[in-house]
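Novice: Below are the structure tokens for one structure; questions will follow.
The values are calculated or read from the model by the stated rules, or taken from the named source; none is laboratory data. Fair warning: this is a prediction, and the values are worked out from it, not measured in the lab. Cβ sites come from the backbone with ideal geometry, for glycine too, and all protein chains shown count toward neighbours. Calculation scope for accessible area: heavy atoms of the full protein, side chains included, ligands and nucleic acids excluded. Shrake-Rupley method; radii C 1.70, N 1.55, O 1.52, S 1.80 Å.
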Amino acid sequence: MRAVSQPKLKLAIGLGATCSGCDMAIVDLAEKLTDVFKAVDVVFWPTASDQKLEELERLPDGSVDVCFYHGSIANEENKEIAELLRKKAKTMIAFGACACHGGIPGLANLTTTKELFATVYKETPSTENPDFKQPSIDTTVSGYSLHLPEKFDTVQCLHSCVNVDYFLPGCPPEVPLVEKAIEAITTGKLPEKGATLAPNRILCDECPRERQEKKISKIFRIHQTIPDQEKCFLDQGIICSGPSTRMGCGAKCIAANMPCRGCMGPTSKALDQGAKMIASLGSILGLEGEESMSEDQVKQLVDQIKDPLGTFYMFTLPSSILKRRNMTQK
Amino acid sequence: MTEMADRFEPQILGFLCNWCSYAGADLAGTSRTQYSPNIRIIRVMCSGRVDPTFVLLALKNGADGVLIAGCHPPSDCHYLTGNLKARRRYHLLLKLLDQLGIERQRVRLEWISASEGEKFARVVNEFTEQIRALGPNPLKAS
Amino acid sequence: MPEQPKVGVYLCHCGTNIAGVIDIKKLLAYVETLPNVAVARDYTYMCSDPGQQLIRKDIHEYKLNRVVVAACSPALHEPTFRKILQEEGVSPYFFEMANVREQDSWVHMKNPEEALEIAKDTVRMSVARTAKLEQLEPKQVKVGKRALIIGGGISGISASLDLANAGFTVHLVEKSPTIGGRMAQLDKTFPTMDCSSCILTPKMVSVSRHPNIKLYTYAEVKDVQGFIGNFKVKVLQKPKYVDEKKCTVCAECVKVCPVEVPDEFNANLSWRKAIYIPFPQAVPPSYVLDEENCLGLTPLACGKCKEACEPDAMNYDDAPKEIELDVDTIIVATGYDPYDPSSDQEYNYGFFQNVVTSLEMERMLNASGPTSGKVLRPSDLKEPQRVVYVQCVGSRNERTNLYCSRVCCMYAVKQARQLKEKHPEMEVRIFYIDIRAFGKGFEEFYEKAARDYGVLFTRGRVAEILEDPKNRNLVVRAEDTLLGSPLELETDLVVLSVGITPTVEADEIHKILKIPTGPDGFFSEAHPKLRPVDTVIDGVLIAGTAAGPKDIPDAVAQAKAAASGAVSLMAPGVYTVEPYYALVDDTICGGCGTCVLLCPYQAISMENKRAKINEALCKGCGVCASACPAGAIKPNHFTDEQVISQIEQAIAK
């Protein structure tokens, strides 16, 4: 911890398209927060304190030491807040899966705003909306004009929008990682810019399960079987994204007998989490007897994986190489 | 002449394995077998070296089509079974492309041996025309 | 701190091969604009001495640390240019070759503008790749003095003797019970009319006597693992049921054996017993019991040969032997099979008794053959008065094999001459497309056969053979192309000059050794002009008809070349292998174990939850690297960064 006589660091916490689980991740520091607040002044935190946006705008540029931005960039407001905070903060940290990689909201990149609105405001069976009233951006009410943020077709992660200095992944980041990050910040021991504040190793390293030869030919979806608590999920034919995901979360999902879903994103050497999962799972699936497989048998084998995109890019579609589904089809 | 200039010329990126398909492409050369000038070739030691990441990067960088060429299964692979891994990854990658709204015909896996110079030329010609009909890589517009 | 790349780019004209299509001036102007390029030049022949000098000079003058040569395929000259860099003090792995000939100028000859664009893209990709290249140290492997030769025909024998005489240990594996191969089945050899056995058998005996040659007959190679200097071979030797050391070839067993089967050595024109010796001069000199046709290896079933064998050489308890050999180099000399014309409907071989193959005729001509040297018609065992030869059976034909089998013209002329020697009044006519008499003494031999012996030659393909069921004479239908008219000819005997095809076992060897075969099934050489006995697999060479149709002088020459090639590899005691192995970054590896499962050479093991690659076993395929979900594996010289730099530069904007 730093000495009491040093001036407090100014911290801003910005919200994009977020569930606020990342706010909870900070709150979850619990009693440790008292120490944190000894070293840090929170100058902006919409969830937990009362500063107004205008106050943030009035701060001199670069006067905020660190900004944690959580949530993805899904609409105009998210973008504006991100850009504003980037101006005001010296160090911008993408906090949580959505800011780092796009997160679950990133799956909206399989569709467009138009299609989403059509589903939500018209097509669902229980919706009564004969005139198809849907949200619009500009409207006038009693002579006053109102501008609502435009919802983007493409959800972006933070670094597609502004320069990001550090990444703290996880959905949400686990308490030990947040602690370590804050410690590094307050003691001035942050690594080189661009780094991810989590170990650069995959989950298998901290997974306690027993690993055997992954000779899988049959895939089980999580509801189709009761997983053995001791054995590696992949060994049992259950897809686990652990191999393509960073460790640091303490393998909590594994302990709850659920396979990893990849919320910590990939290591620094894997450029595309989904592509790497396809590379590795595609290689070990059907390894036994591969020489005598026909083309059709290979197709059948691989068809067992019902939703490669949703499974392998669950948290990272906006930060992947292709970022979104292409909508211009013949 | 103007019509020719306006015609869409596909840009195809090929990953050719050193022992079979790259040698086959060389053979097409020594035999002076002419083919469409639409392919750019990257040599890898084995088709099993091709990471699906490479294919996605190729598409992102504007390739209208991607060709992966290796040795004939089941037993021609110089490294024994690399081509079999390439095959399984390829079929899984195609499913991903379907979900990403990219025509699966843009990524093609072919088995071309060191003595199949004619086949290499034929594949390049066919693939070029197939991509020409599909049109440019939809990602290029954005 | 990685040094700043300073790239020298050299554009080869290759005479007009490249410059005749690609505008080198424009390419040069473009190349000079690429990042990191310190100097760019063009020259007529970069591989020539003055071309090489350009590179040497520039390395010192411009302090180059990367070199790109845009020329032919790296398969051809990558080693040439790498050597230059090494000699001038730059790591040879900082060299990159841009293939603008085989994969550009030669395939887009009518498209010079496109060819130029491709060249620009290819060079741009190569220059970008050089920025990511890393210094690598080539691996040195120890190479001993042990060679495996697969196939004991004249090629295998010649190679064995040369290597053995040079002091190397030779393991010669032959699938038949004896060595000698196809040459033992021949009567006389063109153009000298030497008796084939007479020149072959002394060599066979030399092989059996040579202290440096270990002979394994009735044996086949079943598996080969490893690499040059370290091949681990598994040979399966079939049981002969006869103790070779005790057998005195007295032939008493033959008298009592009750089983008769067609004699393969005599082209199935006669019978042999289940216990047999392929031919009298077999090496090793021993009988062999054909288990498949024997009534049974117990006195309950038969046992007569054992009873009759005075030296007590019969051993019914013999069993297949698995032999493991450690060798340093391998020569493949598996020979050929004659083309089987049974499915050629126009000739009706197998239906008309008096249509025979050249091999059958050869056995008949041989004094120790099935007819004691008399040429007889199979239907009535009478000597034919008229004989017709049909050339190019199974060769030079879209429906069978496209290639020319190279020996059939000469052997047909040879056999025709032999027929005329025995029966001057016999009419012998050869129907040909061309007469290929290309070798030493061949043309003279052919002329003499026509001029002095009266062999008749008609230029025209035989379209159909018909049979007169009464006398089993044949009617040959062809076109006399020199006269331009069709003809029909009645004859007593038709000989099909069958071509040369690869053996069935060759396909097995192809699968085991991973040496490529061409479209016709013959083994492919590393380079058709400059490396005719090497294969792309380091340490494995090829010789003889297994590599393509050829006659005995050429087969022997190639076998001796292969032996010499093997000596070049083994004599220095070490061999330099490309350092294309993969490395695990254990700061990133999380121990998922994916790579361990995938390696076809079992080169990866897990130690303390981190993958570890055995550099000696790793062959650099890169499957582990692409599969590694953490991105923790780097295959030397084909790293992700290197490939990605090429991808990013491939598509012109």
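Novice: Restricting to segment A:282-292, what's the tally of residues that are open to solvent by less than 10 Å² (accessible area, probe 1.4 Å) and either outside any helix (DSSP H, G or I) or within 7 Å of chain B (Cβ to nearest Cβ) (or both)?
Specialist: Looking only at that region, the number is 4.
Novice: Follow-up. Could you check segment C:62-175 for strands (runs of 3 or more DSSP E) lying wholly inside it with 1 or more residues that are among the small types (Gly, Ala, Ser) and at pLDDT below 95?
Specialist: none
Yes or no, residue by residue, for (1) facing chain C (nearest Cβ under 8 Å); (2) in contact (Cβ under 8 Å) with a residue 24 or more places away in the chain:
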residue	(1), (2)
B:Ser36	no, yes
B:Cys46	yes, yes
B:Arg104	no, no
B:Ala114	yes, yes
B:Ala121	yes, yes
B:Ile131	no, yes
B:Pro138	no, yes
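Novice: Name the residue, out of C:Ala571, C:Ala611, C:Ala563, that is surrounded by 20 or more Cβ atoms within 10 Å (Cβ to Cβ), more than 14 Å from chain B (Cβ to nearest Cβ) and over 30 Å from A:Ser244 (Cβ atoms).
Specialist: C:Ala563
Novice: Scan segment A:191-222 for residues that are of a type in the set (A, V, I, L, M) and open to solvent by 50 Å² or more (accessible area, probe 1.4 Å) and report the count.
Specialist: Number satisfying all stated conditions: 1.
Novice: While we're looking at this one, here's another question. From the list C:Val107, C:Val143, C:Val123, C:Val69, pick out the single residue that is among the aliphatic types (A, V, I, L, M) and under 30 Å from C:Gln558 (Cβ atoms).
Specialist: Selected residue: C:Val143, the only one of C:Val107, C:Val143, C:Val123, C:Val69 that is among the aliphatic types (A, V, I, L, M) and under 30 Å from C:Gln558 (Cβ atoms).
Novice: Could you please tell me which pairs satisfy a Cβ distance under 7 Å, a separation of 6+ or placement on different chains, a first residue in segment A:221-250 that is outside any loop (DSSP other than H, G, I, E, B), and a second residue that is surrounded by fewer than 14 Cβ atoms within 10 Å (Cβ to Cβ)?
Specialist: A:Lys231/A:Glu210; A:Asp235/A:Gln212; A:Ile238/A:Thr225
Novice: Cβ contacts < 6 Å: first residue within 18 Å of C:Leu85 (Cβ to Cβ) and at pLDDT 95 or above, restricted to segment C:1-29; second residue aromatic (Phe, Trp, Tyr) and surrounded by fewer than 19 Cβ atoms within 10 Å (Cβ to Cβ), any location; separation 6+ or different chain. Result?
Specialist: From segment C:1-29, no pairs qualify.
Novice: Show me the strands (runs of 3 or more DSSP E) entirely contained within segment C:200-265 in which 2 or more residues are open to solvent by 20 Å² or more (accessible area, probe 1.4 Å) and touching a residue at least 60 places away in the same chain (Cβ under 8 Å).
Specialist: By residue number, C:213-216, C:219-227, C:230-237.
Novice: Next up: Would you confirm, using the coordinates I've provided, whether C:Leu34 is in contact (Cβ under 8 Å) with a residue 40 or more places away in the chain, under 40 Å from the mean Cα position of the chain (by Cα) and away from chain B (no Cβ under 14 Å)?
Specialist: So C:Leu34 fails the test.
Novice: Going residue by residue through segment A:245-264, is there one that turns out to be modelled with pLDDT of 95 or more, among the polar types (S, T, N, Q) and at positive phi?
Specialist: yes
Novice: Another question, if that's okay. May I ask you to list the residues in segment C:381-429 that are among the β-branched types (Val, Ile, Thr) and open to solvent by 30 Å² or more (accessible area, probe 1.4 Å)?
Specialist: Result: C:Thr400, single match.
Novice: Another one. Would you pick out the residues in segment A:231-279 that are within 11 Å of another protein chain (Cβ to nearest Cβ), basic (Lys, Arg) and open to solvent by 10 Å² or more (accessible area, probe 1.4 Å)?
Specialist: If the condition is that a residue be within 11 Å of another protein chain (Cβ to nearest Cβ), basic (Lys, Arg) and open to solvent by 10 Å² or more (accessible area, probe 1.4 Å), then A:Arg246, A:Lys269 are the ones that fit.
Novice: Does any residue of segment C:604-624 turn out to be touching an Asp or Glu at 6+ places or on another chain (Cβ under 7 Å) and within 20 Å of A:Glu288 (Cβ to Cβ)?
Specialist: Scanning segment C:604-624, I find no residue that is touching an Asp or Glu at 6+ places or on another chain (Cβ under 7 Å) and within 20 Å of A:Glu288 (Cβ to Cβ), so the answer is no.
Novice: Hey, any hits in segment C:174-182 for a residue that's hydrophobic (A, V, I, L, M, F, W, C) and more than 25 Å from C:Glu322 (Cα to Cα)?
Specialist: Taking every residue of segment C:174-182 in turn, none turns out to be hydrophobic (A, V, I, L, M, F, W, C) and more than 25 Å from C:Glu322 (Cα to Cα).
Novice: When segment C:349-362 is examined, which residues are found to be among the polar types (S, T, N, Q), open to solvent by less than 40 Å² (accessible area, probe 1.4 Å) and more than 26 Å from the chain's Cα centre (by Cα)?
Specialist: C:Asn354
Novice: Within segment B:48-96, can you find the residues that are at the interface with another protein chain (Cβ under 7 Å from one of its Cβ atoms), in contact with a Gly (Cβ under 6 Å, 6 or more places away or on another chain) and among the small types (Gly, Ala, Ser)?
Specialist: Across segment B:48-96, the qualifying residues are B:Gly48, B:Gly82.
Novice: I would also like to ask the following. Within segment A:293-311, which residues are open to solvent by 40 Å² or more (accessible area, probe 1.4 Å) and not hydroxyl-bearing (Ser, Thr, Tyr)?
Specialist: Hits for segment A:293-311 are A:Glu295, A:Asp296, A:Gln297, A:Lys299, A:Gln300, A:Asp303, A:Gln304, A:Lys306, A:Asp307.
Novice: Just to be sure, is C:Lys57 part of a loop (DSSP other than H, G, I, E, B), open to solvent by 60 Å² or more (accessible area, probe 1.4 Å) and not small (Gly, Ala, Ser)?
Specialist: no
Novice: Follow-up question, since we're still on this one. Whether any residue in segment C:327-343 is farther than 26 Å from C:Arg182 by Cβ and either out of contact with any strand residue (DSSP E or B) (no Cβ under 6 Å at 6 or more places or on another chain) or buried (at least 18 other Cβ atoms within 10 Å of the Cβ) (or both) is what I want to check.
Specialist: Within segment C:327-343 (the criterion being farther than 26 Å from C:Arg182 by Cβ and either out of contact with any strand residue (DSSP E or B) (no Cβ under 6 Å at 6 or more places or on another chain) or buried (at least 18 other Cβ atoms within 10 Å of the Cβ) (or both)), the answer is yes, since at least one residue qualifies.
Novice: While we're on this one: Could you list all residues from segment B:1-34 that are among the hydroxyl-bearing types (Ser, Thr, Tyr) and either surrounded by 24 or more Cβ atoms within 10 Å (Cβ to Cβ) or at the interface with chain C (Cβ under 7 Å from one of its Cβ atoms) (or both)?
Specialist: Hits for segment B:1-34 are B:Ser21, B:Tyr22, B:Thr30, B:Thr33.
Novice: Please go through (1) facing chain A (nearest Cβ under 9 Å); (2) under 37 Å from the mean Cα position of the chain (by Cα) for C:Cys618 and return the number of the only condition it doesn't satisfy.
Specialist: (1)
Novice: In this structure, does A:Leu33 turn out to be surrounded by fewer than 24 Cβ atoms within 10 Å (Cβ to Cβ), more than 24 Å from A:Pro176 (Cα to Cα), outside the structural domain of A:Leu271 (by TED's automatic domain parsing) and of a type in the set (A, V, I, L, M)?
Specialist: No: the conditions fail for A:Leu33.
Novice: Okay, next question. Collect the residues in segment B:101-118 that are buried (at least 21 other Cβ atoms within 10 Å of the Cβ) and more than 16 Å from B:Val66 (Cα to Cα), keeping them in residue-number order.
Specialist: Selection gives B:Ser113, B:Ala114, B:Glu116, B:Gly117.
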